[in-house]
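One structure is given here, and the rest of the page talks about it.
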Amino acid sequence: MKRRDFIVNSLLTLGGTVLLNGCKFGGKETQKNAGSKVLTRKFQGKDMPLLSLGCMRLPTDANGQIDMAHFEKMVEYAMQRGVNYFDTAYMYHKGESETAVGNVLSNYKRESFYLVSKNPLRALTSKADVRKIFEEQLKKCRTDYFDLYMAHNMSRLTIDNYRNYDVYEQLLKFKEEGKIRHVGFSYHDDAEFLEPVVNEHPWEFCMMQLNYLDWYVKDFKKHYEIITKAKTPIITMEPLRGGGLTKLTGSAKAVIADEAPQDTQASFGLRWAASKENVFTVLSGMSSLEQVQENVETFTNYRPFTKKEAEIADKVADILQRQGEINCTGCKYCQDCPRGIDIPMFFLAYNEYKSTGNPDNLLKCYNQTSPFHRPDRCIKCKLCNEHCPQLLDIPPLLEMIDETIKTLKISEVK
């Protein structure tokens with residue numbers, strides 16, 4: 001029996017009872033857990049599962065369509081174990097996520113789960129669009145109300161639409177109509193811009209990117225402190241950085257394996273995110289039943305993050321920063337590129353090369369891509385920049401990748 005399995009089984013034998021510190025601004029402390037369901041934290045008097053299921057990276061079939069049978073199994077397993085919080089959005093899976101979520105959750109009593117969606121600020125062209133899109137979302141999700149609803153992707157790029165079309169005031173109107181329970185926003189910009197945004201209205205919550213790498217790389221520690229000072233509860237997104245923190249290699253992988261042997265890379269990252277006391281749920285974009293099972297185990301048999309483990313996280317973050325990887329989470333908001341460049345694919349392959357020193361996959365991606373859709377075909381239109389929630393300047397990065405590939409290919413010839 002593996003050491004991890006032995007520890008889990010031992011916890012189950014003992015009843016797995018643990019107590020986690022509660023959300024500072026969410027009310028009472030987290031409930032005790034007897035090893036059958038994930039832990040919960042209080043939010044506005046409600047018991048929220050500490051793990052929630054993000055529906056941006058659902059399983060897909062060979063044609064790129066959402067694999068509904070697989071998704072149904074994921075939801076069934078999650079619901080049975082207390083993961084009853086489902087986060088979707090208007091643009092996820094090219095507009096199909098909300099419909100998929102609505103179809104699957106229609107098999108359950110509405111009061112048995114929390115349903116969350118978002119207003120696509122970038123897509124708005126008029127004040128009327130706010131209600132029009134909202135009503136469309138309700139229909140797609142087959143519901144009469146959303147438990148939580150957000151102004152999506154608040155940033156310098158979207159703030160004019162947000163203010164010009166009275167988005168906040170309209171969301172409050174929907175709440176008065178009983179169609180929204182709690183109003184919040186998701187954030188994708190720097191700390192300087194965040195402070196006036198979070199204090200502009202009495203928000204009930206904020207969703208922000210939070211993981212042990214971006215805590216330093218993007219100074220999200222400062223974001224967290226600003227939101228916490230405003231006494232606004234937090235939902236974490238990208239706790240595993242789009243899965244990147246589950247694919248560690250080399251010395252970063254060795255540090256977790258040697259110094260945190262009870263954890264997988266995923267459980268280590270999720271536990272770090274949950275260790276922040278103003279977080280009331282950790283949103284994980286799960287793509288398979290196996291991921292749901294592993295993550296549920298992490299939050300069912302939860303071990304509070306220790307000071308020693310925080311030092312380990314700092315060490316891994318330092319290693320990753322020195323590797324020079326691109327800060328891409330693979331959200332695919334930059335698609336579709338007008339030149340057909342698969343930007344996330346090349347970024348992922350480049351990051352793998354930087355972390356391992358092995359260029360095989362990067363060269364494979366290049367060789368198997370049509371010459372018309374390779375990084376050097378970028379026309380620097382910067383449409384991708386306008387959609388990137390990580391605020392990356394993508395064209396220069398594509399140019400860097402192209403130069404790297406050409407250097408590698410020259411080396412191959414020599």
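For the reader, a short list of remarks on this structure follows.
- Those residues of the range 58-83 which are buried (at least 24 other Cβ atoms within 10 Å of the Cβ) and assigned to a loop (DSSP other than H, G, I, E, B), in sequence order: Leu58, Val83
- Of all residues assigned to the range 215-227, none qualifies as being under 17 Å from Val130 (Cβ atoms), modelled with pLDDT of 95 or more and not acidic (Asp, Glu).
- Test: Asn358 is in the same structural domain as Glu399 (by TED's automatic domain parsing), modelled with pLDDT under 85 and part of a loop (DSSP other than H, G, I, E, B): yes
- Taking the range 36-56 as the range and being among the β-branched types (Val, Ile, Thr) and assigned to a strand (DSSP E or B) as the test, only Thr40 passes.
- Those residues of the range 139-158 which are surrounded by 19 or more Cβ atoms within 10 Å (Cβ to Cβ) and assigned to a helix (DSSP H, G or I), in sequence order: Lys140
- Scanning the range 176-199 for residues that are without any contact (Cβ under 8 Å) to a residue 24 or more places away in the chain and farther than 26 Å from Asn385 by Cβ gives Glu176, Glu177.
- Which listed residue is in contact with a Ser or Thr (Cβ under 8 Å, 6 or more places away or on another chain) and surrounded by fewer than 22 Cβ atoms within 10 Å (Cβ to Cβ), from Phe205, Phe193: Phe193
- Counting only residues that are surrounded by fewer than 19 Cβ atoms within 10 Å (Cβ to Cβ) and of a type outside the set (Asp, Glu), the range 119-137 holds 9 of them.
- Qualifying residue in the range 336-344 (condition: part of a helix (DSSP H, G or I) and over 16 Å from Pro395 (Cα atoms)): no
- Exactly one residue out of Lys332, Lys308 is basic (Lys, Arg) and more than 19 Å from the chain's Cα centre (by Cα): that is Lys308.
- Per the conditions (1) touching a helix residue (DSSP H, G or I) at 6+ places or on another chain (Cβ under 9 Å); (2) part of a loop (DSSP other than H, G, I, E, B); (3) closer than 19 Å to Leu157 by Cα, the sole criterion not satisfied by Pro389 is (1).
- Condition check for Lys175: in contact with a strand residue (DSSP E or B) (Cβ under 7 Å, 6 or more places away or on another chain) and surrounded by fewer than 20 Cβ atoms within 10 Å (Cβ to Cβ): yes
The values are calculated or read from the model by the stated rules, or taken from the named source; none is laboratory data. Only a predicted model underlies this, so the values are computations on that prediction, with no experimental measurement involved. Note that each Cβ is placed from the backbone with ideal geometry, even for glycine, and that neighbours are counted across all protein chains shown.
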